Amino acid sequence: MDFRNKTRVLFISAGCNEKSGAFLSMAVLISLLQEKHNTDCLVVLPKHGSGERILKKYNIEYIVIRAFSWITVKEYKSFIEFLTQNCVMLGKVLFTRLISDKRISSLINDFMPDVIHINELGTFLGANVALNKGIPLVWHMREFLEEDHGTRIWCKKYGFELLNRAAELIAISESVKKKYAYTLNNASIRMIYNGIKPELFNYNEVEKLDPIYIVCIGSLSKGKRQDLVIRALGEIANQVSRTFVLHIVGSGTEEEFLKELAVEIGLKDQIIFDGFQSNVSGYFSLANIAVVPSVSEAFGRITVEAMLSGTLVIGADTAGTREILGDEANGIMFRADDVRDLSVKLLEAINHYESKIEVIRNGRMRAEEMFSAEKNAKNISKLYDEILFMKRVK
């Protein structure tokens, strides 16, 4: 019989990038589990990276076991790419399964976890070991894949078989749960929203209204649709009663295209590209409006952070963004991919910002109540307890 007082959880991360919302969510979760929920955690990283700074910041123990992702592109552009990528993916999966999992097995013998928790769909490291050793497997689904990243699990049949055998899958929104419920019909899927620490974001109803400061934060990729914001502002530039400045915060493959678009539309002097920033709370403190134009947010960390900061959110009426806002009492929604509708909503918000103060206050209250990091940690700790209780009574 095991007389340990604390629950021991082995977390397995798909990456080690401080820019990753999934990685940051994991780090905050672990810090609270260890601080307030009687849990000891150890993180397995597939490689060294910038994410190590976050783990050290929260005093989280970790170990690096080289492994590879089983995620590939959604579609191959040519037969040559099809052959090449499949050979590469086969090598990565075999390495992870035969070599990396062997190290995981040895680590489990030393750490003796009660639960193995895979942090996202980007890795299957440790899944087979957990199932073979009878250790409850919890698997976080923090992404859509095809819809938000243009990617997929390399061998879906194999991947879905593993996912179906997990003790519990955690979907970070009802939208994610709905997607995977159709294909993972043998799995138990629980929806638990991601958590943000409200204390990291100072609520501030910005009084300076000329210029109006607008922020759009996220990776500069096609799916994030920052181009919609630029085009919408271009449509209303001559109709606004106040000047405006747009800060685009992030880096990625679309950066040059977006800069060229800003010049083409005539907004070069009103759009500032700030690059990637590890701490965005300062932008929210100064901003009047935050625009979330992505059509496929699995959750929407930026949306919650903006609401907590007293920034008016204008978000696409789809997926995680719609769930977070709930209705237009908490933020403004526009039809996804609709430049015209976004321009109308932006014009209203800029010209009549003072009338939106109640919406901003409602947004803050909703974010604190539904999306706090403590609530997230409490729900996941409760999930561990339920799983381990069911294991004991079987």
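The values are calculated or read from the model by the stated rules, or taken from the named source; none is laboratory data. On a predicted model such as this, the values are computed, not experimentally measured, just so you know. Heads up, the Cβs are rebuilt from the backbone with ideal geometry, glycines too, and the neighbour counts pull from every protein chain shown. We work out accessible area using only protein heavy atoms, side chains counted, and drop any ligands, DNA or RNA first. Shrake-Rupley method; radii C 1.70, N 1.55, O 1.52, S 1.80 Å.
When the Cα positions of PHE201, PRO136, SER175 are compared along the charge dipole of the range 92-213, PRO136 comes out farthest toward the positive end, with charges on each C-beta of Lys, Arg, Asp and Glu.
Taking the range 137-220, which GluC sites (Glu not before Pro) meet the DSSP loop condition and have no more than 10 other C-beta atoms within 10 Å? Before the final figure, lay out the partial values.
On the way: sites: GLU143, GLU146, GLU147, GLU161, GLU168, GLU174, GLU199, GLU205, GLU207; in loops: GLU143, GLU205, GLU207.
Answer in residue order: GLU207.
Which log10 I(q)/I(0) values does the range 239-394 give at q = 0.11, 0.12 Å⁻¹ under the Debye formula, counting every alpha carbon as one identical point scatterer? For the range 239-394 at q = 0.11, 0.12 Å⁻¹, log10 I(q)/I(0) is -0.51, -0.59.
Per-residue accessible area (protein heavy atoms, 1.4 Å probe) orders LEU163, LEU200 as LEU200, LEU163, starting from the largest. A simple spin-label model places the labels of ARG165 and ASP269 6.4 nm from each other, with each point 7 Å out along Cα-to-Cβ.
Given a Förster distance of 41 Å, report the FRET efficiency between SER188 and PHE276 from their Cβ-Cβ distance, rounded to the nearest 0.05. Let's see the in-between values first.
Numbers: r = 37 Å, r/R0 = 0.90.
About 0.65, to the nearest 0.05.
Only helices enter the 222 nm calculation for the chain: every DSSP H run of n ≥ 4 contributes -39,500 (n - 2.57), and dividing by all residues gives -13000 deg cm²/dmol, rounded to 500. Against the set (1) 70, 52, 37; (2) 60, 59, 47; (3) 66, 44, 37, the structure's computed Cα extents along the principal axes in Å falls on (1).
Counting only Cα atoms, the range 113-269 measures 64, 36, 24 Å along its principal axes, largest extent leading.
With axes computed from alpha carbons, what is the tilt in degrees of helix 373-393 against the longest principal axis of the chain, rounded to the nearest 10 within 0 to 90? Tilt relative to the chain: about 20 degrees.
Against the chain, whose longest principal axis comes from its Cα atoms, helix 255-265 is set at around 20 degrees. Share of carbon and sulfur in the accessible area of the range 271-394 stands at 51%, probe radius 1.4 Å.
For the pair LEU83 and ILE357, the difference between a 0.36 nm per residue extended length and the Cα-Cα distance amounts to 93.1 nm. Overall size of the range 148-213 from C-alpha positions, given as principal axis extents largest first: 55, 26, 17 Å. So if we plug the beta-carbon distance of PHE257 and ASN38 into 1/(1 + (r/R0)^6) with R0 = 56 Å, what FRET efficiency do we get, rounded to 0.05? That pair, PHE257 with ASN38, gives E of 0.70. The heavy atoms of ILE71 offer some 40 square angstrom of accessible surface to a 1.4 angstrom probe. Given a 1.4 Å probe and the protein chains as shown, SER69 ends up with an accessible area of around 40 Å².
Structure note, pairs LYS197/LYS345; LYS47/LYS156; LYS156/LYS179; LYS19/LYS222; LYS47/LYS157: Cα-Cα distances above 20 angstrom occur for LYS197/LYS345; LYS47/LYS156; LYS47/LYS157. Quick one: grab the alpha carbon gyration tensor of the range 112-168, order the square roots of its eigenvalues as a ≥ b ≥ c, and give me rounded if a/c is under 1.5, else prolate or oblate depending on whether a/b is larger than b/c. Because a/c hits 1.5 or more and a/b exceeds b/c, the range 112-168 counts as prolate. Look at the dipole of the range 177-282 built from charges on Cβ: of VAL245, ILE189, PHE273, the Cα furthest out on the positive end belongs to ILE189.
Going by a ≥ b ≥ c, the root eigenvalues of the Cα gyration tensor, does the range 260-338 fall in the rounded group (a/c under 1.5), the prolate group (a/b larger than b/c) or the oblate group?
The shape class here is oblate.
Just flag the trypsin sites (Lys or Arg not before Pro) in the range 185-282 sitting in loop per DSSP whose Cβ has no more than 11 other Cβ atoms within 10 Å. The qualifying sites are LYS208.
Applying 1/(1 + (r/R0)^6) with R0 = 56 Å to the Cβ-Cβ distance of LYS133 and THR243 gives a FRET efficiency near 0.35. Among the trypsin sites (Lys or Arg not before Pro) within the range 75-109, those in coil by DSSP and having at most 13 neighbouring Cβ atoms inside 10 Å are LYS77.
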